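Just so you know, all these numbers are worked out from the coordinates, no wet-lab data involved. Everything numeric here is computed off the predicted structure, so don't read it as measured data. Here the Cβ positions follow ideal geometry from the backbone for every residue, glycine too, while neighbour counts run over all protein chains shown.
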Amino acid sequence: MKKFALVLFAIGFVSISIGGYQWLGTKQAQENSLEEAQTIIAKQNYETSDTTKTSTTIVENISHSIGETVGILHIPQLDADLPIVEGTDEDELEKGVGHYAGTAFPTQNDQIVLSGHRDTVFRRMGELELGDTLTLQLEYGSFSYEIVKTEIVDAGDRSIIVPTSPEEVLTVTTCYPFSFVGNSPDRYIITALPIIKE
């Protein structure tokens, strides 16, 4: 019985150690991506003093490589700055919020899709309410969106990723329920529309 208890203790210790190591690795990857994004945005702000002009510029042919850091998702209500990385596979989501490849970027007048893990970057997304703001800070400007809708859909539901042209729509997705252990059966979806600058 004592040997069995020691074996269980050893298995538990190894599991916790592996989990801790993975958590630290993910946290470091996100910090590195955030620093990279801050550098990209700071360079843009240095190169142009007319941010109003850059934020209204229509960017038609913007493209990024998978895994490339592209900007920051700023969420004032959560006091959060999260790095945005191109792509939504595990490697990209480990670094931050993933931009779903093939969807639009701000000013392209179509659907922008961002995705993140509920237990890392998006663990507090359930605290957001209708009317709250999400801001995308990119190399060519800063773009704010107001949350107009939240919904829960089945994990296999792909109908949320659809062209919205000529309307620009920001769609943010994460797994749901937030406290679920294992593969979540659902997705939590936030829909936000551009805040038009006067």
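On a full-extension model of 0.36 nm per residue, what is the gain between GLN108 and ASN32, subtracting their alpha-carbon distance, rounded to one decimal in nm? List each step's numbers first, then the result.
Numbers: separation 76, 0.36 × 76 = 27.36 nm, distance 2.80 nm.
Separation in residues times 0.36 nm, less the Cα-Cα distance, equals 24.6 nm.
Can you bin region 82-143 into rounded, prolate or oblate? Criterion: square roots of the alpha carbon gyration tensor eigenvalues sorted a ≥ b ≥ c, rounded for a/c under 1.5, prolate for a/b above b/c, oblate for the rest.
Working: a/c = 1.79, a/b = 1.10, b/c = 1.62.
Note, shape of region 82-143 comes out oblate.
Placing +1 at every Lys and Arg Cβ and -1 at every Asp and Glu Cβ, with all other atoms neutral, what dipole size does region 132-177 have around its Cα centre, in debye to the nearest 20?
Values: 2 positive and 8 negative charges, 17 e Å.
The calculation lands at about 80 debye.
I need to check one value: relative contact order of region 57-198, counting alpha carbon pairs closer than 8 Å and at least 6 residues apart, in percent.
Values: 319 pairs, mean separation 30.5, N = 142.
The normalised contact order for region 57-198 reaches 21 percent.
Hey, with R₀ at 30 Å, roughly what FRET efficiency would ASP89 and ILE196 work out to, going by the Cβ-Cβ distance, to 0.05? If you can, show how the numbers build up before the last one.
Working: r = 34 Å, r/R0 = 1.13.
Plugging the Cβ-Cβ distance into 1/(1 + (r/R0)^6) gives 0.35.
Report the charge-dipole magnitude of region 118-198 in Debye, nearest 20, computed about the Cα centre from +1 at each Lys and Arg Cβ and -1 at each Asp and Glu Cβ. Don't skip to the end; give the middle numbers.
Working: 7 positive and 13 negative charges, 46 e Å.
Here the size comes out at about 220 debye.
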